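A short reminder: the numbers here are calculations on the coordinates, not readings from a lab. A quick note: this is a predicted structure, and the numbers were derived from the prediction, not measured. Quick reminder, even Gly has a Cβ in these numbers, built from the backbone with ideal geometry, and neighbours come from all protein chains shown.
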Amino acid sequence: MVITRTTKEPSVALPVQSPERQEQPDQPDREAAAVLRREGPVAVITLNRPRAMNAVNAAMSVAVGNALRELDEDPELSVGVITGAGRAFCAGADLKELGAGRPVSAPGHPEWGFAGLVRHVVDKPLIAAANGFALGGGTEIVLACDLAVISEDAQLGLPEVKRGLVAAAGGLLRLHRQIPPKVAAHAALTGEPLDAATALRWGLVNEVVPADQVVARALQLARQIAANAPLAVRASKRIMRRSVEFGSDWDPAIWDMNEAEFGEVRRSEDAKEGPRAFAEKRPPRWQGK
């Protein structure tokens, strides 16, 4: 197995210390290249090659891809959090593997893309919890997530041009959609990194927190999302994602897509439960149907 699960809950006596930070970063890697841990409705997926700064190899791509598939298919899971073991989030592709002529993608799953994630379509929200170094492929993972919490010492950026390469794992496709185009062009063409404060200022990330609070804060956000109606959350993500397939937001086609997605939600039991719970002044009891 490339995914392991544990139901062990993080200690509430140490609210500012995530489970990942409690691990010793120099310990030998456990067998699994990525670990899925359940926190109620939240799947915490930890990139688990700390001695290699969580550089992506084929085993990690398989493990993450399978974890995301489990997240998407399991009705008990509502949100995913992606983080890294040890002191890094992700150092990008494992250059030793590439240098040896070995692929770092998941065999048989080209549709998953780099790290089993950057092209992997998942309806449920993903939150990047970047707990450290996240340049190159690490930034591309952040860009593929819906929300991002990063540490104060984290840096994001696409340094590929400095190495004769291009950010082909989604960096050049997504960065200019998420921050102003000229800011994105500067980052992509110079290869210079963005510090955490700059990333926050341009809206590339949602929050910057101390390193030992990154996972805890990402879990808080995940639980906020998981408390909402699951069908509505998933449809909201799909509408936002699919909107880029169309032209102007005045064109009929984009509104047809919007209405089709809304129609499915409107006919659900949860759409009846939400107003009923509000009227009765009680928490809603979502069924996901």
Problem set entry | Loop sites in the range 119-222: trypsin sites (Lys or Arg not before Pro), DSSP, at most 13 other Cβ within 10 Å | none
For this session: Report the label-to-label distance for GLU259 and ARG285 in nanometres (one decimal), using points 7 Å from each Cα along the Cα→Cβ vector.
Result: 3.5 nm
Problem set entry | Dipole magnitude of the range 105-228 about its Cα centre (Cβ charges: Lys, Arg +1; Asp, Glu -1), debye to nearest 20 | 260 debye
Problem set entry | aspartates and glutamates with Cα under 20 Å of LYS182, excluding same-chain neighbours fewer than 8 positions away | GLU140, GLU160, GLU192, ASP195
For this session: Return the distance in nm (one decimal) between the two label points of a simple spin-label model at ALA185 and ARG51, each offset 7 Å from Cα along Cα→Cβ.
Result: 4.6 nm
For this session: Quick one: which residues, 5 or more positions from ALA34 or on another chain, have an amide H under 5 Å from its amide H? H modelled 1.01 Å from N in the peptide plane, none for Pro or chain starts.
Result: ASN48
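Over 25 Å between Cα atoms: which of LYS96/LYS162; LYS237/LYS281; LYS124/LYS162; LYS124/LYS289 fall into that group?
Numbers: LYS96/LYS162 18 Å; LYS237/LYS281 28 Å; LYS124/LYS162 35 Å; LYS124/LYS289 15 Å.
Over 25 Å apart, Cα to Cα: LYS237/LYS281; LYS124/LYS162.
Taking DSSP loops as anything outside H, G, I, E and B, show the longest stretch in the chain free of GluC sites (Glu not before Pro) there with at most 11 other beta carbons within 10 Å.
77-279
Please give the FRET efficiency for ALA271 paired with GLU245, using the beta carbon to beta carbon distance and R0 = 35 Å, rounded to the nearest 0.05.
Details: r = 25 Å, r/R0 = 0.72.
Step by step, r from the Cβ atoms, then E = 0.90.
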